[in-house]
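Have a look at the structure below, then the notes.
Derivation of every value follows stated rules applied to the coordinates shown; laboratory data play no part. For clarity, every value in this text was computed on a predicted model and none was experimentally measured. Methodologically, a virtual Cβ is constructed for each residue, glycine included, from the backbone with ideal geometry; neighbour enumeration extends over all protein chains shown.
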Amino acid sequence: MKTLKTLITLSVFALFGTLALTVHAEEGKKVSTTLEALQAAYNGESNASAKYAAYAKKADEEGYAEVASLFRATSKAEAIHAASDASIIKSMKAEPKLTLATPAPKTTKENLEDAIKGETYEVTTMYPEFIALAEKDKNQGAIMVFGGAKATETEHAKLYQAALDKLPSLKGGPAKEFYVCPICGYTVAVLAFEKCPICGEEKADFLTIK
């Protein structure tokens, strides 16, 4: 959210679907304006951050330290997304609205499965619809934050799936460092680049979460 270059970079990751006057934020809920989409994203990302923090605690309790580290990292990333949504909402002379639910963790395996389901929904349905709506409204700030979040959630889903695939081998293992971009929330296990592939932030600025 810093330069035109950043805006263009994030927009590349946006998946533009068929424009529609009404799109779905989640099951049973609809949004028809970019502001409503931003409010839905802000609420959703805030709740995801709280949920993943609770999942991290559960993973620690069950002896999955690496999974706990991953959930802490993604919790931070979702908080970054929520802050970006809130910033755009305020720039539109509105106030962010939040209804925070109480997380209900299950087993770490079930929590990973739930996380994969949630991230996949955001990547394949929610954010493409939100991006299309923001594009229709020509709201460049919303296009930018939605596009960046969508690209980041794609990586989250991959990280969760990798953890789920090897879950039995992680029992009793050590915690692991993950790295989170402070601008767009991009989350990785290895800093195999000089700049964030989503927003261009220097890798030296990435947050280390363990």
*Identify all residues within the range 146-204 that are crowded, with 16+ Cβ neighbours inside 10 Å and basic (Lys, Arg); write none if there are none.*
150, 176
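Is there a residue in the range 90-101 that is outside any loop (DSSP other than H, G, I, E, B) and either without any contact (Cβ under 8 Å) to a residue 24 or more places away in the chain or out of contact with any Cys (no Cβ under 6 Å at 6 or more places or on another chain) (or both)?
Yes, the conditions are met somewhere in the range 90-101.
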*Can you pull out the residues in the range 75-108 that are surrounded by fewer than 16 Cβ atoms within 10 Å (Cβ to Cβ), basic (Lys, Arg) and closer than 23 Å to residue 162 by Cα?*
106
*Residues located in the range 30-61, provided they are charged (D, E, K, R), more than 19 Å from residue 89 (Cα to Cα) and surrounded by fewer than 18 Cβ atoms within 10 Å (Cβ to Cβ)*: 57, 60, 61
*Hits in the range 130-178 (condition: over 18 Å from the mean Cα position of the chain (by Cα) and among the polar types (S, T, N, Q))*: 139, 140, 169
_Give all pairs with beta carbons closer than 8 Å in which a residue from the range 197-210 that is in contact (Cβ under 8 Å) with a residue 60 or more places away in the chain meets a residue that is in a loop (DSSP other than H, G, I, E, B) and among the hydroxyl-bearing types (Ser, Thr, Tyr); count only pairs at least 6 apart in sequence or on separate chains._
198/186; 199/186; 200/3
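Table: residues versus (1) under 29 Å from residue 61 (Cβ atoms); (2) touching a Ser or Thr at 6+ places or on another chain (Cβ under 8 Å).
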site: 131; (1), (2): no, no
site: 138; (1), (2): no, no
site: 147; (1), (2): no, yes
site: 161; (1), (2): yes, no
site: 170; (1), (2): yes, no
site: 173; (1), (2): yes, no
site: 182; (1), (2): yes, no
site: 185; (1), (2): yes, yes
site: 196; (1), (2): no, no
*All but one of (1) under 16 Å from residue 67 (Cα atoms); (2) touching a residue at least 60 places away in the same chain (Cβ under 8 Å) hold for residue 107; which doesn't?*
(2)
*Find the residue count for the range 102-125, including only residues that are within 27 Å of residue 198 (Cα to Cα) and part of a loop (DSSP other than H, G, I, E, B).*
0
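With the requirement that a residue be under 16 Å from residue 161 (Cα atoms) and either over 13 Å from the mean Cα position of the chain (by Cα) or basic (Lys, Arg) (or both), what does the range 33-64 give you?
Within the range 33-64, 55, 56, 59, 64 qualify.
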*asked:* When the residues of the range 93-129 are narrowed to those that are over 14 Å from the mean Cα position of the chain (by Cα) and among the hydrophobic types (A, V, I, L, M, F, W, C), which ends up nearest to residue 60 (Cα to Cα)?
replied: 112
*For residues that are outside any strand (DSSP E or B) and over 11 Å from residue 155 (Cβ atoms), tally how many sit in the range 174-195.*
11
